[in-house]
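Right, one structure below, let's go through it.
Coordinate-derived values only; no laboratory data. Values in this document were obtained by computation on a predicted structure and should not be read as measured data. Using ideal geometry, Cβ is built from the backbone for each residue, glycine included, and neighbour counts are taken over all protein chains shown.
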Amino acid sequence: MFAESRETLIKLGLRTQTIDAIKKADWDSVEQDLLWREQKDNHILLFTDTDYPSQLKEIPDPPPILFARGDVDLMQFPQLAIVGSRNPSSSGLQMATDFASSLATTGFTITSGLALGIDAASHRGALAVQGKTIAVTGTGLDRVYPATHKELATEIANTGVLVSEFPPGTSAKANHFPRRNRIISGLCVGLLVVEAAKECARNNFLKQPSLNNEISPL
């Protein structure tokens, strides 16, 4: 992809600012990323690769590169996102856990953002029934945010997959999480929001063709 012409990248659907970033790539950083990829179960998916999630290519601003740890094939299967409050009620936590468990047993992969609260409950609900779950993060995959979820992140990587557009070494920043959210919604066929306002959900999870603009708050 780095060798492709600007015109070719435009035809692929990448935005001008994304193409500019590709053309200005820091090759020292690229070398470090390639070393990271050599570690067990680590992957780098380029937009032009056949194993790049096809549904993610349809969003307005697809990430040109995805970093992943775990089973990357899982991103090609039907996914439902469950997201919501970082400070939910006990009933909200139970609801997220139960929904994730039930949906996972029907064959859906549960996708969320590894955050405190509803996100973590959703991941754990899927794992509790030996279901599959994907965590899309706002950091490089050599870091875990919040740090209290290191064990959860390891469990997800062992049976599912961790995904990020941010290269190894990237710390959490506030503007990373809206970018993470567009990937979550772009990967999924539906989005369930637990204990968060519908307007908040629409502001944080961009309308994506894959969701048919459907956001269901609970």
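Which FRET efficiency value, to the nearest 0.05, do you get for L35 and S102 by plugging their Cβ-Cβ distance into 1/(1 + (r/R0)^6) with R0 = 45 Å? E between L35 and S102, to the nearest 0.05, is 0.65. Our summary gives segment 42-195 a relative contact order of 29 percent, counting only alpha carbon pairs under 8 angstrom and 6 or more residues apart.
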